[in-house]
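Each remark here refers to the structure printed beneath this line.
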Amino acid sequence: MKKDIEIRNAEEKDIPRITELLIQVHKVHSDKRPDLFRRGSKKYDEEELKQIISDSNSPIFVGVDENDRVLGYVFCNFRHFGDKSLEDYDSVYVDDFCVDEKYRKNGVGTALYDYVVKFAKKKGCHNLTLNVWSPNEDAVIFYSRMGLTVQKYVMEQIL
């Protein structure tokens, strides 16, 4: 299937499909951490998606099939670091990543991830970072297979 995947910038016409996928990924989180994630919700509404799509500093890339159906997406943000204790560097942060559950393990996620890595390198970024919830074992395995390693831990104690 990977050969049939095209990666392109998201467009407003993709918002209904991106919304479906936002609901899918949110369900994964709300099923595993209902104490933090509201059931039946999603991260962004239609107006927020329109704003993000129009912002060149926050590109959304979509993986589409030969019929231009969105199979997955990756939301990115550019970040700059540097202060008294940190070196100056640019980074791309993956804000959200989803492949439709029907198309997982078919190369869509790998194609999207590889595209973002090439994009970030072309922009001169030092690294790519993202957050993944520890109970989302499938995502942790996928990101590890892509070559990501732990940079830091966020720990909690539920009170």
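The values are calculated or read from the model by the stated rules, or taken from the named source; none is laboratory data. Computed from a predicted structure; not experimentally measured. In this analysis, Cβ positions are derived from the backbone assuming ideal geometry, glycine residues included, and neighbour counts consider all displayed protein chains. For accessibility, only protein heavy atoms count, side chains too; no ligands or nucleic acids. Shrake-Rupley method; radii C 1.70, N 1.55, O 1.52, S 1.80 Å.
So the values come out like this:
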| quantity | calculated |
| --- | --- |
| Among TYR89, TYR73, TYR113, residue whose mean-square fluctuation peaks in a GNM of the chain (springs only between Cα atoms under 10 Å) | TYR89 |
| Rel. contact order, % - alpha carbon contacts under 8 angstrom, at least six apart, the chain | 22 percent |
| Net charge dipole size for the chain [Lys, Arg +1 and Asp, Glu -1 on Cβ; Debye, nearest 20] | 440 debye |
| Compactness index (Cα Rg / 2.2 N^0.38 Å), the stretch 32-72 | 1.54 |
| Added length on full extension, which subtracts the Cα-Cα distance from 0.36 nm per residue, HIS80 to GLU11 | 22.3 nm |
| Amide H contacts under 5 Å for GLY72, placed H, 5+ residues apart | GLY63, ASP100 |
| Pairs beyond 25 Å (Cα-Cα), from LYS27/LYS105; LYS13/LYS43; LYS27/LYS121; LYS102/LYS122; LYS13/LYS122 | LYS27/LYS121; LYS102/LYS122; LYS13/LYS122 |
| Chain lengthening between GLU66 and LEU159 when straightened (0.36 nm per residue, less Cα-Cα) | 28.5 nm |
| Of all DSSP beta bridges in the stretch 42-159, antiparallel share, percent nearest 5 | 80 percent |
| In sequence order, calculated HN-Hα J values of the stretch 152-159 (Karplus, 6.51, -1.76, 1.60; Hz; x Gly/Pro) | 7, 10, 9, 10, 9, 10, 6, 9 |
| Over the stretch 1-50: Kirkwood hydrodynamic radius from C-alpha pairwise inverse distances, Å | 12.4 Å |
| Residues whose placed amide H lies under 5 Å from that of THR129, excluding near-sequence neighbours | VAL92, TYR93, VAL94 |
| Stokes-Einstein D in µm²/s, Kirkwood radius over Cα pairs - the stretch 92-134 at 10 °C with 1.306 mPa s viscosity | 139 µm²/s |
| Most mobile listed residue (ALA139, ALA120, ALA111) in the chain, GNM with C-alpha springs under 10 Å | ALA139 |
| Per residue accessible area in Å² of the chain, where ligands, DNA and RNA are left out and the probe is 1.4 Å | 65 Å² |
| Mean Kyte hydropathy of -0.5 or more with a Cα span along the axis of at least 18 Å, helices from DSSP in the chain | 15-32, 108-122 |
| ³J(HN,Hα) computed for each position of the stretch 87-96 - Karplus, 6.51 cos²θ - 1.76 cosθ + 1.60, integer Hz, glycine/proline x | 4, 7, 7, 9, 9, 10, 9, 8, 7, 7 |
| Lys/Arg +1, Asp/Glu -1 at C-beta; the stretch 16-159 dipole; positive extreme among SER144, ASN127, ILE18 | SER144 |
| The chain - percent of accessible surface contributed by carbon and sulfur, probe 1.4 Å | 49 percent |
| Average projected area [Cα convex hull, the stretch 72-117], square nanometres | 3.7 nm² |
| P(r) weight above 22 Å for the stretch 16-105, C-alpha pairs, percent | 38 percent |
| Lys, Arg +1 and Asp, Glu -1 on Cβ, resulting dipole of the stretch 69-159 about Cα centre, debye, nearest 20 | 400 debye |
| Relative frequency of Cα-Cα separations exceeding 17 Å in the stretch 44-159, percent | 62 percent |
| Fluctuation leader among THR149, THR110, THR129 - the chain, Gaussian network, Cα springs under 10 angstrom | THR149 |
| Charge dipole magnitude, Cβ of K and R +1, D and E -1 - the stretch 12-64, Cα centre, debye nearest 20 | 320 debye |
